[in-house]
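For reference, the structure is listed below as structure tokens.
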Amino acid sequence: MAETPMNIPTVDLTDLSSNDPARVERAAAALREAFGVFGLVYVKNHGVDAQALARFYDAFGEFVARPAEAKKPYSRADIWYQRGWTPPNTEVAVASNGQPDFKECYFAAPYPTDESSALEFPKLYPENVWPPDAPPYFQEGLLSLGRSLHEAGLALLRGAAVALGLPEATFTDVCQRAPHVTRALQYLPLGASQVNTGILWGEEHTDFNLLTLLPGGRFLDPKGQPAQGPDDKSGLYLRTRATPEEPKGRLVRGTAPAGCIVAQVGQQLEILTGGTFLATPHVITAPGVPGWQRQSAAHFMHVHTSTVLFPLSRFRTPEAIQNYAPPVLAGTYDIKTLVDIGLAPPSALDQLGYRHYDRLNRMRAGGSGAQG
């Protein structure tokens, strides 16, 4: 997959927090282009500690190296893998034609669960799951990373609202008490017979949440040691917005400049902006040599599950209404997507809608349940 160079904008978070209108507008202009054309922006002065990130990856690597049977107790299909360990070959991208992602993951919520929201959507707001014998800095590192990325994401969402001429809190208000989650990922080594056969570490897809923050990852050589990438074909690529000249968009390598993190538009932000900001199709390609792994992490910011997903009034053009109708509750949207990608079972859809059709039959039979 050849790299196509393009100038993806970089936003400095100190510009967004500045009292200087010129600096704020410079950052806002960068966000309009980055989120409108690429669906992605590079971010500097983001507050993520690079040394702490490396320390966490070391701890995560220790956990991943354990036998599958030792990790199995933390694989929680009963809560749709929204916390704890996700085994390899579990998640499938919607557009993948059935190929599971070649990775294993660990999910945790960086902030305490909102109790009232958990009553409404218990599988989306479960408590964290931790091994009692977790490697040192595993739990602390994942939670600290998630909180740092979340704070950077809030600053970007405020900047995105300003960039669109909306009140600054437009997007941050709807993501309060939402099911935000941080995910550590380990992309697995390919054997000699698997390389250059079309296997991808992560199939092309768009994220279904509001905003995704990526702190940067690292390659591990066949001996399991951090190293520079094995070739120029592996890593993150994104697909730009389609144009009449390039109806398929353009594949662009998504490697951030040194010291920067990446922020990607998710489907929820695309819907709220009526497509003004576009969710980023992205793919994680595998190397052309065997034995290499990659570690990375992502923080997924969501709108609250009780938010109605539909273009905001400013973006509610006839075209946008046609593209994003009907309105849908964010929690319902989350459940449907988790079923689509194989994390939730198809039976999860039975939880949507009215579930008391049997009450009349119980009443007619003279049984209990007239109050049910």
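The values are calculated or read from the model by the stated rules, or taken from the named source; none is laboratory data. Please read these numbers as outputs of a predicted model, since none were measured by experiment. Here the Cβ is made from the backbone with ideal geometry for all residues, glycine too, and neighbour counts use every protein chain on show. Remember, those area values only see protein heavy atoms, side chains included, never the ligands or the DNA or RNA. Shrake-Rupley method; radii C 1.70, N 1.55, O 1.52, S 1.80 Å.
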For this session: Among the candidates Leu236, Leu329, Leu272, Leu278, single out the residue that is of a type outside the set (Val, Ile, Thr) and in contact with a Leu (Cβ under 6 Å, 6 or more places away or on another chain).
Result: Leu272
For this session: Only residues in the range 55-79 that are aromatic (Phe, Trp, Tyr) count as the first member; pair them with residues that are surrounded by 13 or more Cβ atoms within 10 Å (Cβ to Cβ) and assigned to a helix (DSSP H, G or I), Cβ under 7 angstrom, at least 6 apart or cross-chain, and list the lot.
Result: Phe56/Gly141; Phe56/Leu142; Phe56/Leu145; Phe60/Phe138; Phe63/Phe138
Problem set entry | Filter pass, Gly216 being touching a strand residue (DSSP E or B) at 6+ places or on another chain (Cβ under 9 Å) and assigned to a loop (DSSP other than H, G, I, E, B) | yes
Problem set entry | Failed item, numbered, when Glu204 is tested on (1) open to solvent by 30 Å² or more (accessible area, probe 1.4 Å); (2) assigned to a loop (DSSP other than H, G, I, E, B) | (2)
Exercise. Can you name the condition, by its number, that Tyr106 falls short on among (1) open to solvent by less than 10 Å² (accessible area, probe 1.4 Å); (2) over 30 Å from Ile8 (Cα atoms); (3) aromatic (Phe, Trp, Tyr)?
Worked result: (2)
Problem set entry | Checking Arg362 against (1) part of a helix (DSSP H, G or I); (2) open to solvent by less than 100 Å² (accessible area, probe 1.4 Å); (3) within 18 Å of Leu278 (Cα to Cα), the condition it does not meet | (3)
Problem set entry | Breaking point among (1) more than 22 Å from Gln186 (Cα to Cα); (2) open to solvent by 40 Å² or more (accessible area, probe 1.4 Å), for Gly274 | (2)
For this session: May I ask you to verify whether Gln268 is open to solvent by less than 40 Å² (accessible area, probe 1.4 Å) and within 19 Å of Thr10 (Cα to Cα)?
Result: no
Seminar exercise, completed: For the range 218-237, the count of residues that are among the charged types (D, E, K, R) and either surrounded by fewer than 16 Cβ atoms within 10 Å (Cβ to Cβ) or over 25 Å from the mean Cα position of the chain (by Cα) (or both) equals 4
For this session: For the range 173-204, name all the residues that are modelled with pLDDT under 90 and aromatic (Phe, Trp, Tyr).
Result: Trp201
Seminar exercise, completed: Note on the range 175-190: residues under 20 Å from Val283 (Cα atoms) and over 13 Å from the mean Cα position of the chain (by Cα) are Gln186, Tyr187, Leu188, Pro189, Leu190
Exercise. Which one is farthest from His304 (Cα to Cα), of the residues in the range 94-116 that are modelled with pLDDT of 95 or more and of a type in the set (Gly, Ala, Ser)?
Worked result: Ala108
For this session: Could you check, for the range 158-168, whether at least one of its residues is more than 30 Å from Glu25 (Cα to Cα), open to solvent by 30 Å² or more (accessible area, probe 1.4 Å) and either in contact with a helix residue (DSSP H, G or I) (Cβ under 8 Å, 6 or more places away or on another chain) or not in a loop (DSSP other than H, G, I, E, B) (or both)?
Result: no
Exercise. So which residues in the range 16-49 are open to solvent by 40 Å² or more (accessible area, probe 1.4 Å) and without any contact (Cβ under 8 Å) to a residue 40 or more places away in the chain?
Worked result: Asn19, Asp20, Pro21, Ala22, Arg23, Glu25, Arg26, Glu33, Asn45
For this session: Please work out which residue is least open to solvent (accessible area, probe 1.4 Å), limiting yourself to the range 322-334 and to residues that are farther than 27 Å from Leu119 by Cα and in contact (Cβ under 8 Å) with a residue 40 or more places away in the chain.
Result: Tyr324
Exercise. Looking at the range 310-328, is at least one residue closer than 24 Å to Thr273 by Cα, outside any helix (DSSP H, G or I) and polar (S, T, N, Q)?
Worked result: yes
For this session: Examine the range 56-77 for a residue that is more than 20 Å from Val181 (Cα to Cα) and either crowded, with 20+ Cβ neighbours inside 10 Å or among the aromatic types (Phe, Trp, Tyr) (or both), and state whether such a residue exists.
Result: no
For this session: Could you identify the single residue in Ile335, Ile321, Ile341 that is at pLDDT 95 or above, aliphatic (A, V, I, L, M) and either under 22 Å from the mean Cα position of the chain (by Cα) or within 18 Å of Pro126 (Cα to Cα) (or both)?
Result: Ile335
